[in-house]
Structure formats: structure tokens, C-alpha cells
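First comes the structure, then the notes that go with it.
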2 protein chains.
Amino acid sequence: MKTLKIGELAGQAAVSPKAIRFYEAARVLPPPARGANGYRLYPADAVDMLRFIKQAQGLGLTLAEVKDIVAIRQGGRPPCRHVYRLLQEKARELDRKLSDLVMLRRRIRESLAAWGRRRARGAAVCPHIEAPVRPSRRRASRRG
Amino acid sequence: MKTLKIGELAGQAAVSPKAIRFYEAARVLPPPARGANGYRLYPADAVDMLRFIKQAQGLGLTLAEVKDIVAIRQGGRPPCRHVYRLLQEKARELDRKLSDLVMLRRRIRESLAAWGRRRARGAAVCPHIEAPVRPSRRRASRRG
DNA sequence: CTAAACCTTCCACCACGGTGGAAGGTCAAG
DNA sequence: CTTGACCTTCCACCGTGGTGGAAGGTTTAG
């Protein structure tokens, strides 16, 4: 089985070597084998692991939570019923978060729409950056 | 119009006075009026403002983002087209996040289900906390 | 008048999730 | 054999979103 050095793993999983060592220190990743030189040697599937971590984490899960989930996924002596409960709770929390997120998105869209209406009425939206929208003749200057 | 001292506002909005001062320093909340004694005096609707902040923030928006949104909601000289774009982008980001969240939830549920199946097969789920599930005769010791 | 409960500012510290850099060992190319 | 890219450890620091506490002024209750 081909093994990866930390830099190779980092490259393939699009994280920094630093972050990988950090995850190891945080017990999210198991400590890998070491070569005779002391270099970390990762199995190829560590890439998937890292990608999963990144995805879960990018969605608002803390590393601590990811750690527990990872432990289950790996199946080797999972941290017990406690973690099972934790995951159930997490799933419920996700449901709540989802519906809240939907509401927030609606509020944002409403704000945007309201602003659109104000512009349509010709209000001075942002005097020092762009002039009020005049009736007929769009084609505002394209300033960001 | 009745005004609130910071502690009263904090109580009604369920945040700490510290946090309120912090939001002010972070320019998320506008600096309120001051009494002759130097005390901050908030209008009653500051409560709604704080609740909105807490909700948005509790959904993964940063204070910086909340700040911009708040600026729009208040309508007084919103920070221009820039913010409009930011909110559009944010709405799209929310959509992505929503679908990712749905996927993550599914993965978690699958992990839970898989674990359930392992338990059903009688695997030693967590030897040092609860004994393997024996066929017939549930009623495991209730240790968390 | 006094004590408690507020309020003010300011500075330190916390957890989280890393990044940067120093000091040193190792490996591959020229 | 040197150079440079990599690897190792360790310690410091960053931004985010606050909290804690000191030092001092105010307001309120007894």
C-alpha cells in the first residue's frame, strides 16, 4: 500500500501540513505510522478522512464533534453510547439549524427586495458612490 | 419613549451587558444616547435588534456580516451597493450551506443506522461501559 | 450614612482553529 | 558536497466572540 508524506497528503486533501499536525494533536486524526526518519506516513485513505473532516467542519461542526463522528465512522471501538446520543442530538440540531437557516435566508431576501423597491422609488441609495436611479435610461456606471 | 439601561436591555434580550458593549465596540450596534451620568440609554427596539443579531449570528454569520445586514435593515444610509452584493452572495452561500447540511445530516443518520445494525448483530459496542446486546432480554443497565 | 447593585473604562484572558517562524534533521538533484 | 525542498518539534501569535476583574462613579434601599 502506497503511503503519503504529510506534504503529499496535504496537497491531495487541500489542507496545510500544519493543519494536519494540528488535527493529530487534537486527536481528530489518529497518529500515523512513522518512517525510520521520523516522517509521518499516511495510508491513501487519509485523504478521504481529511476531506470528510473539512466538509463536516465547514458546515459548523466543531473539531470536537467531528472527532467523535470520525471515531464512529472508523468503527474501531467507538466512544460508546455517549457518542451515539451525541450524534442523534446533532442530527436534531441540524434539523433546527436547517429551518432557521431557511428563515434567515428569507429575511435576507426580503431585505434585498425592500432595498430594490427603495431604489425603484428613486431614493438616494448611496449618494457618495452612485447617483439615484433616474427613470428611463438604466446603464448606471459600474462601480463596485 | 421609555429608555433602557444596559442591564435592563441585556436582561430583555438575553445577552450579557458585556456582550452589548462588545457589539458597540465592534460597530454592530450604534452607540446609544447617554444619560447625564454617562450611562448608556437604549430605545426599546434595541431589544429586537439584539435578538436579530443573536439569531443571525447563531446561524453561522459572523458579526462583521451581521453588521452589514443590520445596516441595511435600519435603512439609514446603507453601506451601498457593496452590501447589496454581499447579501446576494450570502443568500447564495446559505443555499449551498443548506444543501450541504442536508447531505451531512444524511451521512450522520447513515452512520447511526450502521451502528444500529452492528449492535443488532451483537457486536461488542462498548465493552467497558455496556455489555453486548443479548438476544431477548433487553433492559440494559442505564449508564450514560 | 452606608451597603449593595448598578454603571463606566480598560486590560487580561479564554476557547477555537489554526498560522508563522525558529532550530534542527533528511532527502534528491546537480 | 552543497543547495533547496522537505520533514521534525516547539512556542508564539492571530482573529473571532466574547468573559472576568480591577478601579472608580452613581443610584437606590434600608
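The values are calculated or read from the model by the stated rules, or taken from the named source; none is laboratory data. All values derive from a computational prediction rather than experimental measurement. Neighbour counts run over all protein chains shown; Cβ positions are idealised from the backbone, glycine included. Accessible surface is based on the protein model in full, side chains and every heavy atom, while ligands, DNA and RNA are left aside. Shrake-Rupley method; radii C 1.70, N 1.55, O 1.52, S 1.80 Å.
Across the identical copies, the label point of A:A44 (7 Å from Cα in the Cβ direction) is separated from its matches by 6.8 nm, in order from shortest. Accessible area of B:Y42 (1.4 Å probe, protein heavy atoms only, ligands and nucleic acids ignored): about 10 Å².
Leaving ligands and nucleic acids aside, the A/B contact buries around 4500 square angstrom of accessible area in total at a 1.4 Å probe radius. Modelled spin-label separation between A:R34 and B:L63, with each label point placed 7 Å from Cα along the Cα-to-Cβ direction: 4.1 nm.
Across every direction, the projection of the convex hull enclosing the Cα atoms of the range B:1-61 has a mean area of 4.0 nm².
Within 10 Å of the Cβ of each residue in A:95-106, the mean number of Cβ atoms contributed by other protein chains is 5. Placing pseudo-labels 7 Å out from each Cα toward the beta carbon at A:K18 and B:F22 gives an inter-label distance of 2.5 nm.
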